[in-house]
Amino acid sequence: MIKINKVTKKYTVDSDTIYALDDVSLNIEEGSIYGIIGLSGAGKSTLLRCLSTLEKPDSGEIIINNKNIYKLSGTDLRNFRSDIGVVFQGYNLLMQRTAFDNVAFPLRIRKEKKLKVIDRVDELFKFVGLEGKEKSYPSKLSGGQKQRVAIARALATNPSLVLFDEPTSALDPITTKQILSLIKEINNKYQVTMIIITHEMSLVKNVCDRVAVLNYGKVVEEGRVNEVLGNPQNEITRMLLGKELII
């Protein structure tokens, strides 16, 4: 289980204090797909960066695999980061490297043997449906193909946790459905815990087990997806659902 306990992150802008996260507490079950939703500026991406240790909160703690991740250092911190896959918004691929090299990158950082790297990357290209695209550069790939490369890269080291930052925001409706199906397939095959940051209700409805709604850094609603979205109690949740209905 992932335990987020009273996490607060604040910034000072022109002498004003802005709370990106304000006393956030969540429990996320191992092997689940957990959605975190909210409007722009709600604190979703800040929470993702704290989970990946790219940022450190001002107070509170995050416990993953019974370890306070902010107390890790040296080899322990490197091992922890290797056990997390991140699918960034906008793909974040290495544009001067082939698709194969992008997926192999985290394995080469770990100095895995060449044959092991080749076998793992070939396995992932088959799994995400990109056979034949190994030598292609990102500029020659469609948005959906770039996202599949990014997902394969996130899975390369067999992580126990994968973080997704708006994984379908730049995709067309047909490609979005394909990526959502792939996310569910990953969860079923690898039993990996997934946390998905998004503002898209269709993604949450189709793949997530539970969902938390953030607004100005606070958790305003949390629970099983069918309960939260079926009977929203907070105005922000209703607003998000209303936006989807209008579209």
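The values are calculated or read from the model by the stated rules, or taken from the named source; none is laboratory data. Owing to the predicted nature of the structure, the values given are computational and were not obtained by experimental measurement. Every residue, glycine as well, gets a Cβ built from its backbone with ideal geometry; the counts of neighbours run over all protein chains shown. Accessible surface areas use protein heavy atoms only, side chains included; no ligands, DNA or RNA. Shrake-Rupley method; radii C 1.70, N 1.55, O 1.52, S 1.80 Å.
Remarks
- The relative contact order of the chain comes to 27 percent, based on Cα pairs under 8 Å that sit 6 or more residues apart.
- Counting only heavy atoms of the protein chains and using a 1.4 Å probe, Thr12 has close to 100 Å² of accessible surface.
- Remark: the Leu54-Ser73 segment gains 5.5 nm on full extension, using 0.36 nm per residue and subtracting the alpha carbon distance.
- Accessible surface, 1.4 Å probe, highest first, among residues Met194, Met95: Met95, Met194
- What the pair-distance distribution of segment 7-154 shows, using all Cα-Cα distances binned every 10 Å from zero, is 10, 32, 31, 22, 6, 0 percent.
- For Tyr11 and Phe88, a Förster radius of 22 Å and the Cβ-Cβ distance give a FRET efficiency of 0.55, rounded to the nearest 0.05.
- Taking amide H atoms as placed 1.01 Å from N in the peptide plane, the amide H of Leu94 has no partner under 5 Å among residues 5 or more positions away or on other chains.
- Inter-label distance for Lys140 and Glu61, nm, one decimal - labels placed 7 Å from Cα along Cα-to-Cβ: 5.1
- Accessible heavy-atom area order of Tyr34, Tyr91, highest first, probe of 1.4 Å: Tyr91, Tyr34
- Pairs of lysine residues in segment 147-247 - Cα separation under 20 Å, sequence separation of 8 or more or cross-chain: 5
- Kirkwood hydrodynamic radius (C-alpha pairs) into Stokes-Einstein, segment 11-55, 10 °C and 1.306 mPa s, D in µm²/s: 129
- Estimated D of segment 106-190 in µm² per second, where Rh is the Kirkwood radius over Cα pairs and Stokes-Einstein applies at 4 °C, 1.567 mPa s: 95
- Ignoring the sites themselves, the chain has its longest run without trypsin sites (Lys or Arg not before Pro) in a DSSP loop having at most 12 other Cβ atoms within 10 Å at 136-247.
- Heavy-atom accessible surface of segment 127-247: percent carbon and sulfur, 1.4 Å: 47
- Nearest 10 degrees, 0 to 90: helix 143-155 Cα axis against the chain principal axis: 90
- Taken over the alpha carbons of segment 36-94 as equal point scatterers, the Debye sum produces base-10 log I(q)/I(0) values at 0.23, 0.24, 0.27 Å⁻¹ of -1.06, -1.11, -1.24.
- Cα-only radius of gyration and Dmax that characterise the chain, units Å: 18.2, 55
- Net charge dipole size for the chain [Lys, Arg +1 and Asp, Glu -1 on Cβ; Debye, nearest 20]: 1000
- The smallest convex shape that holds all Cα atoms of segment 73-112, its convex hull, gives 88 Å³ per residue.
- Enclosing the Cα atoms of segment 137-247 in their convex hull gives a volume equal to 122 cubic angstrom per residue.
- Within the assembled protein chains, the solvent-accessible surface assigned to Asp172 is about 80 Å², based on a 1.4 Å probe.
- Take segment 159-247 with all the other protein chains still there, run a 1.4 Å probe, and you get 49 Å² of accessible area per residue.
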